[in-house]
Amino acid sequence: MDRTHVNEWLTAYERLWRTPGTDALVTLFTEDASYQQGPYWTPVVGLPAIAQMWEKQRKGPDEVFRMASEIVAVDGDTAVSRHEVRYGDPVEQEYRDLWVMRFAEDGRCRSFEEWPFWPGQQPANPPDGS
């Protein structure tokens, strides 16, 4: 796995999020892939379940958003990327997100884990002690 492949995968992910339907998810994820939407969320497992989650989570392929991505690290079959996503025009919701991806030998993702953060979200123990 290298940065070029990870960058191509991230580009394909965004393109497919903007594309009607979910048939092309097979090009991104293995049949038995797991997709965890937050560090303590129960993973969604398998392509049919991931497809159902995608359709439920997005407003549709015409959803207005901007996404900026940066690859943080690639080590063996594992990659980490940082994302900033802004939904709407004007912006109604924004996220900063870390993605941890583990890839199969064929280049598709077999494990996807998100660590999403958004304005107003508070850490478990704020640094000021409040």
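The values are calculated or read from the model by the stated rules, or taken from the named source; none is laboratory data. Predicted, not measured: the structure shown is a model, and the values here were computed from it. Cβ: placed from backbone, ideal geometry, glycine included. Neighbour counts: every protein chain shown.
With aromatic (Phe, Trp, Tyr), farther than 25 Å from residue 1 by Cα and either without any contact (Cβ under 8 Å) to a residue 12 or more places away in the chain or out of contact with any Pro (no Cβ under 8 Å at 6 or more places or on another chain) (or both) as the only criterion, which of 99, 54 stands out?
54
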Next item on the list: With the checklist (1) among the hydrophobic types (A, V, I, L, M, F, W, C); (2) surrounded by fewer than 17 Cβ atoms within 10 Å (Cβ to Cβ); (3) in a strand (DSSP E or B) in hand, flag the one item residue 91 doesn't pass.
Entry: (3)
Next item on the list: Collect the residues in segment 53-76 that are exposed (fewer than 14 other Cβ atoms within 10 Å of the Cβ), over 19 Å from residue 116 (Cα atoms) and modelled with pLDDT of 95 or more, keeping them in residue-number order.
Entry: 75, 76
Check: Which residues, counting only those in segment 13-37, are touching a helix residue (DSSP H, G or I) at 6+ places or on another chain (Cβ under 9 Å), at pLDDT 95 or above and surrounded by 15 or more Cβ atoms within 10 Å (Cβ to Cβ)?
Finding: 25, 28, 29, 30, 33, 34, 35
Check: What are the residues in segment 9-44 that are over 20 Å from residue 84 (Cβ atoms), in a helix (DSSP H, G or I) and among the acidic types (Asp, Glu), if any?
Finding: 23
Check: What is the number of the single condition among (1) under 13 Å from the mean Cα position of the chain (by Cα); (2) assigned to a strand (DSSP E or B) that residue 86 does not meet?
Finding: (1)
